[in-house]
Amino acid sequence: MTAPARLPVSALLDKPAGNIYFVRTRKAIKIGYAKCVRKRLTALQVGNSNKLKLMFSIPGTKDDEARIQN
């Protein structure tokens, strides 16, 4: 198992306009970026027959989310 990605301190100090979220499905964990996590989770749930569960979210930018994904 790999170590979790570290976010740059600037991601927390600059008060990003959005959040990076971690959502669990039955088989996977989805990581994404949204300005409003609640709305994004609702939109994701519409297209998924399995119950999605928000694990947590952290302040971040689209660039931060891309770094976590890679």
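The values are calculated or read from the model by the stated rules, or taken from the named source; none is laboratory data. Predicted model, so just to flag it, every value in this text is computed and none were measured. For neighbour counting, all protein chains shown are included, and Cβ atoms are generated from backbone atoms with ideal geometry for every residue, glycine included. For the accessible areas, the whole protein counts, side chains as well, though only heavy atoms, and no ligand, DNA or RNA atoms are used. Shrake-Rupley method; radii C 1.70, N 1.55, O 1.52, S 1.80 Å.
Annotations for the structure displayed:
- Accessible surface for THR61 stands near 50 Å², nearest 10, in the context of the full protein assembly shown (1.4 Å probe).
- Placing a pseudo-label 7 Å from each Cα along the Cα-to-Cβ vector at SER49 and LYS30 gives an inter-label distance of 1.6 nm.
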